[in-house]
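The values are calculated or read from the model by the stated rules, or taken from the named source; none is laboratory data. On a predicted model such as this, the values are computed, not experimentally measured, just so you know. With ideal geometry, Cβ positions are generated from the backbone for all residues, glycine too; neighbour counts draw on all protein chains shown. For accessibility, only protein heavy atoms count, side chains too; no ligands or nucleic acids. Shrake-Rupley method; radii C 1.70, N 1.55, O 1.52, S 1.80 Å.
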Amino acid sequence: MADSSTQSITIDAPPDRVVAVICDFARYPEWSEALRRVEVIEEYEDGYASQVRFTIDAQVMTDEYVLAYEYAEDLSRIEWHLVSPSRMQRAQRGSYDVVGNPDGTSTVTYTLEVELSVGMLGMFRRKAEKMIMDTALKQLKHRVEAPGATR
């Protein structure tokens, strides 16, 4: 598996609001620019998604893949892995760690490791991962902080 990349952002909202947006997969295309379609294909008994199909169009790359999700009991950690190889990815593992801060904000740490099906030099892969993570965290922050976004 590839080396993992990690990036964090502070969001002006409590952890429960951040987690509500992260777990609302069906609405991802409303705020995540590269995602064209997101479909929950399997759920746990508690209603949280266990498998989600993503269709992505990031201009330079298109792909469709299924991720399997697991959640910490208190929802402070949401992690996933690629169910089976896709056209562009051999493997993917990732997680969001959401921690509440004393001032009412949350720190979200995004960890991602992707093994592509196509060859890419390590420095370009790391740059692409950083760009993906940076964009994802900024879009998440914008969505959570938008008035009425989670309720």
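Quick notes
- Length-normalised contact order of the range 24-91 in % [C-alpha pairs under 8 Å, at least 6 apart]: 20 percent
- With q set to 0.15, 0.16, 0.22, 0.23 Å⁻¹, the log10 of I(q)/I(0) for the range 1-121, from the Debye formula over equal scatterers at the Cα positions, is -0.73, -0.84, -1.44, -1.51.
- Over the chain, accessible surface divided per residue gives 57 Å², non-protein components excluded, 1.4 Å probe.
- R0 of 35 Å, Cβ-Cβ distance His142-Glu39: FRET efficiency to nearest 0.05: 0.90
- Rounded to the nearest 0.05, the FRET efficiency derived from the C-beta distance between His81 and Asp46 at R0 = 30 Å is 0.95.
- Length-normalised contact order for the chain - Cα pairs under 8 Å, 6+ apart - percent: 29 percent
- A helix-only calculation puts the chain at -7500 deg cm²/dmol for mean residue ellipticity at 222 nm, using -39500 (n - 2.57) for each DSSP H run of at least four residues, averaged over all residues.
- To the nearest ten degrees, helix 122-145 and the longest principal axis of the Cα atoms of the chain are 30 degrees apart.
- Apportionment of accessible area to carbon and sulfur, the chain, percent (1.4 Å): 50 percent
- Remark: accessible surface ordering of Leu140, Leu116 (largest first) is Leu116, Leu140, probe radius 1.4 Å.
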